[in-house]
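First up is the structure itself, then whatever we jot down about it.
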Amino acid sequence: MKKVSNSRSNSSKTSDKPRSKRNDNASKGDKKPRKFEERGDKDDKKPRKFDSRGPKEERGPRRFDDRKPPRKHDGFNREDDGVTEETFIVVGKNPVMEALRSGQEIDKLLILKDNTDHVLKKITDMAKKQNIIIHSVEKARLEYLADGQVHQGIVALMAPFPYSNLQDILNHAKAKGRDPFIVILDHLTDPHNLGAIIRSANICGADGVIIPNRRSASLTAVSVKASSGAVSHTPIVKVTNLSQTIDELKKKGFWIMSTDMKGNPYYKADYKGALAIVIGNEGTGISEKVKKQCDFSVSIPVHGEIESFNASAAAAIIFAEAAKQRFQ
């Protein structure tokens, strides 16, 4: 039997010498020029597209006005209208009208020039009877003072908001001939929620609202507008320490109710007598220290996928139940 040789046997090799690189037999002089060596010297290059422009021109310093167009409210100054950090600004037809009805001190009214709105005319007539200064101004000036709020053609400039004290709230209830009903806001931070809660509290017969002096939303144009003028008829008290205020209310015979998701259903609670309802922060709720001072808590049962109500919506539901029991 013949032995079949492998095609890769040593007999197929042409030489025992090691393999060399390609073009090893070619001389150096036979090498082809590389791709970029055909370009020639740098001096022979054609001028590039932007080389014909010449040297850069020196530019002068750019001013701020050259970079941006003039702003919409340039030329307006709050000092020209007598506005300071203490000035209380109220915007919108209803909030201004309620301020006039409540007899609050208004320094000046700014009304849209050449308007034909019958509500603004009614406000103007009321202001004239109270000898309030009235200025007809352009729309841009109202927008500047309203600072982004919907002004509806009118802005009122007032003295600093007249905050009340705890005795004012008790006197308010006494004048109505009923047990006092107070709302305490534990570091609410949204001014719109603040205004909405004050509005609900007033509608449901609350005699006043207590807010902390620090780390809490204050009364601004936003909260005043959200209250639809309720701040003009509801005593608002600012206190340094909520815990001390709650202790003082307890000494006066108040029951303190907290709103908490772990509380009993709100419709099973007793809202009669001297009562203070505590509404917590939008995110963290009622602080632990204040919660320990409360006599009982209530909650709103939830049947959907969302875990909780907005603070102002929850407050409105609970206040409505309180009004139902207290004034039926």
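The values are calculated or read from the model by the stated rules, or taken from the named source; none is laboratory data. In this text, all values refer to a predicted model and were calculated from it rather than measured experimentally. Cβ sites come from the backbone with ideal geometry, for glycine too, and all protein chains shown count toward neighbours. Please note that ligands, DNA and RNA were not included when accessible areas were found on the heavy atoms of the full protein model with its side chains. Shrake-Rupley method; radii C 1.70, N 1.55, O 1.52, S 1.80 Å.
If I go through segment 284-328 residue by residue, how many of them are among the acidic types (Asp, Glu), open to solvent by 50 Å² or more (accessible area, probe 1.4 Å) and either over 27 Å from Gln244 (Cα atoms) or under 21 Å from the mean Cα position of the chain (by Cα) (or both)? Total meeting the criteria: 2. Does any residue of segment 150-159 turn out to be assigned to a helix (DSSP H, G or I) and either open to solvent by 80 Å² or more (accessible area, probe 1.4 Å) or in contact with a Gly (Cβ under 6 Å, 6 or more places away or on another chain) (or both)? Looking for residues that are assigned to a helix (DSSP H, G or I) and either open to solvent by 80 Å² or more (accessible area, probe 1.4 Å) or in contact with a Gly (Cβ under 6 Å, 6 or more places away or on another chain) (or both), one finds none in segment 150-159, hence no. When segment 169-202 is filtered for residues that are surrounded by fewer than 21 Cβ atoms within 10 Å (Cβ to Cβ) and out of contact with any Gly (no Cβ under 9 Å at 6 or more places or on another chain), the ones remaining, listed by number, are Asn171, Lys174, Ala175, Gly177, Asp190, Pro191, His192. Selection of first residues in segment 80-100 that are among the acidic types (Asp, Glu) and of second residues that are modelled with pLDDT under 85 and open to solvent by 10 Å² or more (accessible area, probe 1.4 Å), restricted to Cβ pairs under 7 Å at least 6 apart or on distinct chains, gives the following pairs, ordered by first then second residue: Glu86/Pro160; Glu98/Ser232. Of all residue pairs spaced 6 or more apart or on separate chains, those with beta-carbon atoms under 7 Å, a first member in segment 202-220 that is in contact (Cβ under 8 Å) with a residue 40 or more places away in the chain and a second member that is basic (Lys, Arg) and in a helix (DSSP H, G or I) are Gly205/Arg326.
Annotation: Thr220 fulfils all but one of (1) farther than 21 Å from Ala173 by Cα; (2) open to solvent by less than 10 Å² (accessible area, probe 1.4 Å); the unmet one is (2).
Of all residues in segment 228-257, which are at pLDDT below 85 and either touching a Ser or Thr at 6+ places or on another chain (Cβ under 9 Å) or farther than 23 Å from Val90 by Cβ (or both)? Result: Gly229, Ser232.
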